[in-house]
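So the structure is just underneath, and the comments pick up after that.
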Amino acid sequence: MNNSWLSFLTTAGATLEAGIVRDFGDPRRELAATDGGDLAAPLAQFGLLAIAGDDARSFLHSQLSCDVQGLTEARATYGCYCSPRGRVLANFLLWQEPDGFRMLLPRSVVPGVRERLQRFVLRAAVTLAERNDDELVLGLAGPSAFEAATGMAGPVPHGLLHLARLDGITAIAVPGQRLLWVAPLRWGPALWEHLARALRPVGAGCWAWLDIVAGLPWIEAAAQDEFVPQMANLELMGAVNFQKGCYPGQEIVARTQHLGRPKRRLRLAHVAAERPPAAGDKLVADQGDQAVGMVVNAALAPSGGVDLLAVVQTASATGATVHLASASGPALEFRPLPYAVP
């Protein structure tokens with residue numbers, strides 16, 4: 001991430017940790033405001049990958065689980081990049097810009113995904129470049145967020161994953177009645193100053209909690225190559241097109257779909273803990289220390305404790321007490337997701 005942007009955020013009151021905004025000086029109140037409040041968050045925890053060139057569309061269509069050939073400039077789509085075993089190496093949000101495609105995904109996996117995709121470019125007219133030094137991502141949420149965005153950037157999309165663009169700013173409506181802004185980095189200070197007057201600035205953890213309660217997982221490095229898309233509910237978000245042609249892992253992903261219900265699924269849970277567990281931390285049943293699941297994402301909850309998304313064995317989630325880390329660890333309280341799971 002560009003140092004000048006991070007320096008600006010510091011002067012605006014941000015506390016940084018490893019280049020990510022932890023908070024704006026009052027983490028307790030910021031978290032309390034996240035549940036139903038109007039907020040804005042710099043999303044440096046995500047990275048941007050630009051894919052351009054005459055063959056970019058066909059190349060991506062052959063590598064990713066989503067329908068890239070049918071993607072229009074008015075929509076974004078979720079998708080997966082899978083290993084030959086059908087396991088998710090990364091999940092992402094993909095859309096078109098005038099100069100090519102953009103892929104938003106966790107910052108920790110961007111270099112590896114870029115390197116892996118580059119191996120398959122061969123003679124295709126495709127370029128891959130990280131764009132975090134040139135473009136920024138902001139998140140807006142709350143009843144007044146869309147109004148604030150309209151005042152700054154003109155009409156914004158209201159339909160899920162619909163996209164609007166004006167004067168170089170791309171706006172995308174995402175689950176949880178939220179909005180993503182992607183804009184040239186040089187516009188960051190002016191955009192942020194406008195938003196901070198109308199919305200409460202919050203750190204990365206608050207946005208992570210909103211993703212979690214929306215049932216939207218992000219596969220970090222610790223959970224790469226662990227789950228087929230269905231285990232993480234990614235097909236329920238439109239991240240897999242089952243009518244398209246081949247891509248890495250396609251046969252296994254399709255077979256999992258046709259065989260019926262996966263033995264593991266993404267679950268939303270609450271746990272009485274003082275700090276969030278890390279992605280990749282194991283979950284165990286009360287019968288012993290054998291792992292029955294894995295944490296995907298976790299964040300402090302506004303009401304106290306921690307909310308998390310975890311891939312858990314279906315039988316364990318419905319017929320046993322599941323604990324964090326060990327059988328003596330805190331027990332998980334499973335909660336309903338905002339969408340139906342088969």
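The values are calculated or read from the model by the stated rules, or taken from the named source; none is laboratory data. Bear in mind the structure is a predicted one, so any value in this text is a computation, not a measurement. Virtual Cβ from ideal backbone geometry, glycine too; neighbours counted across all protein chains shown.
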Out of everything in the stretch 65-107 that is in a loop (DSSP other than H, G, I, E, B) and acidic (Asp, Glu), what residue ends up being farthest from Glu251 (Cα to Cα)? Asp99
Scanning the stretch 148-195 for residues that are in a helix (DSSP H, G or I) and either of a type in the set (Phe, Trp, Tyr) or surrounded by 15 or more Cβ atoms within 10 Å (Cβ to Cβ) (or both) gives Ala148, Ala149, Met152, Ala153, Leu185, Trp187, Gly188, Pro189, Leu191, Trp192, His194, Leu195
Would you say Glu235 is under 17 Å from Leu94 (Cβ atoms), in a helix (DSSP H, G or I) and among the charged types (D, E, K, R)? yes
What are the residue pairs meeting all of these: first residue in the stretch 314-342, first residue in a loop (DSSP other than H, G, I, E, B), second residue among the acidic types (Asp, Glu) and surrounded by 15 or more Cβ atoms within 10 Å (Cβ to Cβ), Cβ atoms under 9 Å, and 6 or more apart or on different chains? Ala325/Asp281
For the stretch 240-258, state whether one or more residues are hydrophobic (A, V, I, L, M, F, W, C), surrounded by 15 or more Cβ atoms within 10 Å (Cβ to Cβ), part of a strand (DSSP E or B) and at negative phi. no
With (1) among the charged types (D, E, K, R); (2) more than 11 Å from Leu48 (Cβ to Cβ); (3) touching a strand residue (DSSP E or B) at 6+ places or on another chain (Cβ under 7 Å) as the list, and Arg87 as the residue in question, which single condition is left unmet? (3)
Please go through the stretch 118-145 and give me each residue that is surrounded by 21 or more Cβ atoms within 10 Å (Cβ to Cβ) and either in a helix (DSSP H, G or I) or not assigned by TED's automatic domain parsing to the domain that holds Cys80 (or both), ordered by number. Ala145
Being surrounded by 14 or more Cβ atoms within 10 Å (Cβ to Cβ), more than 22 Å from Asp23 (Cβ to Cβ) and not assigned by TED's automatic domain parsing to the domain that holds Ala214 is true for just one of Val271, Val296, Val306. Which residue is that? Val296
Kindly provide the set of residues from the stretch 196-231 that are part of a loop (DSSP other than H, G, I, E, B) and either of a type in the set (S, T, N, Q) or under 27 Å from Phe24 (Cβ atoms) (or both), ordered by number. Leu199, Val202, Gly203, Ala214, Gly215, Leu216, Pro217, Trp218, Glu220, Gln224
For a quick check of your reading of the model, give me the residue pairs whose first member lies in the stretch 205-234 and is within 20 Å of Ser65 (Cβ to Cβ), whose second is acidic (Asp, Glu), with beta-carbon atoms closer than 7 Å and at least 6 apart or on different chains. Trp218/Asp211; Pro229/Glu235
